[in-house]
């Protein structure tokens, strides 16, 4: 197996922001090609029976490597699938899902309003969906329109007003603004792994995998794995890719979905991905499929482990 860190990312997920902040999806595809080239030069590797595992972002990269290297790549395994237009998918992640969560889970009285202190305490909105800066803005200013006196009360220490926030008029516009800004910040503003405008501009201009998957050789085996509670790459992405492969008469493709698992194939709610190890039964399915497609065997009495790719990595083995 060859497993590598993406450019700009080092041990323990440390980040060189100058390098990562100026990386494009084409850079990452090029790097994966280099990794594949290195792997094929190893004496113990059969250069015509290589399988590529891509997770999340890696599901964009793996099919493209298979297209460019049909004589080397025998199988691709796609985990947490990105299939359609990435700009639409990111909008779903950043605008539609958090808005839906706010309406379905937090707006218990169906008024379209949520207490600000509830958002500040909510682990999903605070940590994953609504930028915490939104909460701070409302907490620090006194110009929030109060819907009615009946909706206003005090915290115990009487220092912060407990105003309500309107989902349609305040939360959704703020989420939309944040989404629209993704590809317009300057590189110097790239201070998080997933908030880099150079990368997003390149990603949004990329031809969707659905449109190019037909260029993968029909002799290439394709395994697709997706959690049914995946809030980053929803399971519908996997269904779309499966449907497209069926339309193309790509006979050797398999889709397995997992109830209650999120983007990292760890138990999660439908709204938030929990961090944790990939479940053993997912790895078992992956290995069984590889064994059938690649003739993998393990000596009697010796356990065999496949080390899964980390979040968003593309891994060749």
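The values are calculated or read from the model by the stated rules, or taken from the named source; none is laboratory data. Note that this is a predicted model, so its numbers are computed, not measured. With ideal geometry, Cβ positions are generated from the backbone for all residues, glycine too; neighbour counts draw on all protein chains shown.
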- Item | Top-ranked residue in the range 112-121 [being under 8 Å from residue 164 (Cβ atoms) and not in a helix (DSSP H, G or I); ranked as modelled with the highest pLDDT] | 113
- Query: Out of all the residues in the range 3-10, is one or more free of Cβ contacts under 8 Å to residues at least 60 places away in the same chain, buried (at least 16 other Cβ atoms within 10 Å of the Cβ) and touching a helix residue (DSSP H, G or I) at 6+ places or on another chain (Cβ under 7 Å)?
  - Reply: yes
- Of the residues that sit in the range 11-26 and are buried (at least 16 other Cβ atoms within 10 Å of the Cβ) and under 23 Å from residue 209 (Cβ atoms), which one is modelled with the lowest pLDDT? 20
- Query: Are any of the residues in the range 38-56 in a helix (DSSP H, G or I) and closer than 28 Å to residue 228 by Cα?
  - Reply: no
- Message: Looking at residue 38 and the list (1) within 20 Å of residue 198 (Cβ to Cβ); (2) loosely packed, with under 14 Cβ neighbours inside 10 Å; (3) touching a strand residue (DSSP E or B) at 6+ places or on another chain (Cβ under 9 Å), which single condition is not satisfied?
- Response: (1)
